[in-house]
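The numbers here are math on the coordinates, done by the rules we state, and not lab data. Bear in mind the structure is a predicted one, so any value in this text is a computation, not a measurement. Cβ: placed from backbone, ideal geometry, glycine included. Neighbour counts: every protein chain shown.
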Amino acid sequence: MGVIMKISGVMAGVLLLGGVGLAGQAAAACSGTALDVTQLSAKFSGNTVCAQRAGDRWQEYHQGTGSGDLIDWKMGPGHAVDPSKQVGTWSATNTGMAYDYGSGGQYTYQVFDNNDGTYSFCNGAEMAVTVRSGQGACP
């Protein structure tokens with residue numbers, strides 16, 4: 001997806017804008033069950049985060065276990081024009097998810113389980129995202 005975060009610029013941008021959910025979904029809650037480092041690692045390691053805001057969609061694969069490379073799916077690894085590429089790194093922490101996009105900035109989000117298949121990424125603003133198992137395109 002397109003937040004799904006060109007997470008370097010897109011994920012961060014989408015999450016910072018907050019108040020906008022995935023297509024047809026309500027805005028994130030930023031309350032409820034906050035995930036701890038063990039839950040964050042289990043949920044996001046080896047999976048793709050899918051996000052959308054207005055017409056922008058992005059999807060970022062969280063390579064590694066508990067931390068690792070952050071891969072922007074784009075059009076997929078074999079695409080001739082817009083292949084997947086590393087855009088930064090990620091890590092699960094005691095206070096949430098940390099993203100480092102190099103010159104694109106560093107962002108930290110507290111993450112809440114919305115108990116409806118979405119997760120709220122919060123840092124003063126909020127964004128609801130979904131998680132796709134493994135690495136691949138978001139619906």
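Could you give each residue of region 117-128 its phi-based ³J(HN,Hα) in whole Hz, using Karplus coefficients 6.51, -1.76, 1.60 with θ = phi - 60°, and x for Gly or Pro?
x, 10, 10, 9, 9, 10, 7, x, 10, 9, 8, 8
How much net charge surrounds P83 when only the other residues with a Cβ under 13 Å from the Cβ of P83 are counted, with Lys and Arg +1 and Asp and Glu -1? Could you put the intermediate results ahead of the total?
Numbers: positive: K74, K85; negative: D72, D82.
For residues surrounding P83, the net value is 0.
Excluding T33 itself, what net charge comes from residues whose Cβ is under 13 Å from its Cβ, given Lys and Arg +1 and Asp and Glu -1? Write out the running numbers ahead of the final one.
On the way: positive: K43; negative: D36, D113, D116.
For residues surrounding T33, the net value is -2.
Between S133 and A98, what is the label-point separation in nm under the 7 Å Cα-to-beta-carbon projection?
That separation, rounded to one decimal, is 3.1 nm.
Just grab the label-to-label distance for T38 and A80, each label 7 Å out from Cα along the Cβ direction, in nm (one decimal).
5.0 nm
For region 28-139, state the average projected area of the convex hull of the C-alpha atoms over all orientations, rounded to one decimal in nm².
Numbers: hull surface 28.4 nm².
Reported value for the Cα convex hull: 7.1 nm².
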